[in-house]
Amino acid sequence: MQSERPYAPVVDGHNDLPWALRQDFGYDVAAATLEIGQPRLHTDIPRLRRGGVGAQFWSVFVPSTLTPEQAVVATLEQIDCVRRIVAAHPATFELARTAAEVRAAVDRGRIASLMGMEGGHSIAASLAVLRMMGELGVRYMTLTHNDSLPWASSATGEGADQGLAAFGREVVAEMNRIGMIVDLSHVSERTMHDALDTTTAPVMFSHSSCRTVCGHPRNVPDGVLERLPDNGGLLMVTFVPKFVSEACRDHARAVRDKRLELGLPVGFHDVLPAENPDAARDFAAWLAANPAPEATIDDVVRHLEHAREVVGPQHLGLGGDFDGTVDLPVGMDGVAGYRPLLDALRERGWTDGDLEALCWANALRVLEATEVGPV
């Protein structure tokens, strides 16, 4: 049963609704009927309200398989999508960049809407493009997505972990200068350390969990977490089953191995091509015989409690990755799932101060610490 006691508004670090609207609705915001609920998505207005979301970083994600030119265009389309979501629902959403604007939007009963680019491929190796994305309201950039770049290694990229190249350090320095938060979700361990060595401002992990609890390379090792207090940074724990549950991670690896064995593509799209019907049938039969295990809210709690032990309650946040994953932990009804998660933490002895820091205060502190004046 959910508690009736209030929680602070949730500042969520990462939501892929704009990409889901592109994929499922051809960017037709009205057709998504966000105002009345949309079962094809994890995100709609009724569930945002039930989940207590007060501010959302919308991911303006595009795949790292696009060419540099395609990536820039597609990112601009994603930014346009966020702006059209806000324009279509002005009583619900309000664009924001600063902590003060977030607070003001929440005071008016609206959900503050910020933006983050998911992958440095979106700037096509151009600091000028980076600056212009900032002018359009992008508040953070994840240095890589799933693939490594010439200037930054990804946690899941091919080849050796080279960390940040000289240009990657220039990117970090320019992000510091213009007030764009350096997001280290998706990057390799060496890139994490190189970025922490380079930055003069707090970093964030917009949607990552703890590698000690689940050994997926997308998660953050304790040696990196231990550096967050000195940096002032923030780990926003995510809910993707294969990132929070070892059983789900093992199943995801088995799925990948089976697809490779059958000659099916692996990676971001994981489609079943019509031109290979025999392989598609064999894979479907294998999946029916080997169903995915389920993650639970308790799995997410284990990551949060471990992270609190390592970095303390002042460096934790929440970054669900809703609409960026197919499956969610049992008990999470999309973005409404924050309430049962917070109830579970309260039952385990998290104080009201701990929960306020997790939901709201820590993210606002990082926003404030990374804001700059005109550049």
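Can you tell me how many residues within segment 229-259 are in contact with a Lys or Arg (Cβ under 7 Å, 6 or more places away or on another chain) and either surrounded by fewer than 24 Cβ atoms within 10 Å (Cβ to Cβ) or among the charged types (D, E, K, R) (or both)?
So in segment 229-259, the residues in contact with a Lys or Arg (Cβ under 7 Å, 6 or more places away or on another chain) come out as 242-243, 248-249, 252.
Still in the list and also either surrounded by fewer than 24 Cβ atoms within 10 Å (Cβ to Cβ) or among the charged types (D, E, K, R) (or both): 242, 248-249, 252.
Total satisfying the criteria: 4.
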> Within the group GLY179, GLY159, which residue is touching a Ser or Thr at 6+ places or on another chain (Cβ under 8 Å) and either of a type in the set (Phe, Trp, Tyr) or farther than 28 Å from PHE243 by Cβ (or both)?
Replying inline: GLY179
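Taking ALA105, is it among the aliphatic types (A, V, I, L, M) and either more than 18 Å from VAL138 (Cβ to Cβ) or at pLDDT below 95 (or both)?
Values: among the aliphatic types (A, V, I, L, M): yes; either more than 18 Å from VAL138 (Cβ to Cβ) or at pLDDT below 95 (or both): no.
The answer is no for ALA105.
Against the definition (among the acidic types (Asp, Glu) and within 24 Å of THR198 (Cβ to Cβ)), how does ASP80 come out, yes or no? Steps first, please.
Values: among the acidic types (Asp, Glu): yes; within 24 Å of THR198 (Cβ to Cβ): no.
No.
Every residue, every condition in (1) under 18 Å from the mean Cα position of the chain (by Cα); (2) not β-branched (Val, Ile, Thr), yes or no:
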{"residue": "THR191", "(1), (2)": "yes, no"}
{"residue": "ASP194", "(1), (2)": "no, yes"}
{"residue": "ARG211", "(1), (2)": "yes, yes"}
{"residue": "ASN231", "(1), (2)": "no, yes"}
{"residue": "ASP257", "(1), (2)": "no, yes"}
{"residue": "ALA279", "(1), (2)": "no, yes"}
>> Name the single residue that is nearest to SER154 (Cα to Cα) among those in segment 121-133 being without any contact (Cβ under 8 Å) to a residue 60 or more places away in the chain and buried (at least 20 other Cβ atoms within 10 Å of the Cβ).
In response: HIS121
> So which residues in segment 345-370 are outside any helix (DSSP H, G or I) and buried (at least 16 other Cβ atoms within 10 Å of the Cβ), if there are any at all?
Replying inline: TRP350, THR370
> Of these, GLU189, GLU226, which one is closer than 19 Å to ARG302 by Cβ, open to solvent by 10 Å² or more (accessible area, probe 1.4 Å) and acidic (Asp, Glu)?
Replying inline: GLU226
> If you check every pair at least six apart or on different chains, which have Cβ atoms under 8 Å apart with a residue in segment 82-105 that is without any contact (Cβ under 8 Å) to a residue 60 or more places away in the chain first and a residue that is open to solvent by 80 Å² or more (accessible area, probe 1.4 Å) and assigned to a loop (DSSP other than H, G, I, E, B) second?
Replying inline: HIS89/GLU35; THR92/GLU35; GLU94/ARG108
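The values are calculated or read from the model by the stated rules, or taken from the named source; none is laboratory data. Please read all numbers here as calculations on a predicted model, not as lab measurements. Counting neighbours? That spans all protein chains shown, and the Cβs are built from the backbone with ideal geometry, glycine included. Heads up: the accessible areas ignore ligands, DNA and RNA and are worked out on the full protein's heavy atoms, side chains in. Shrake-Rupley method; radii C 1.70, N 1.55, O 1.52, S 1.80 Å.
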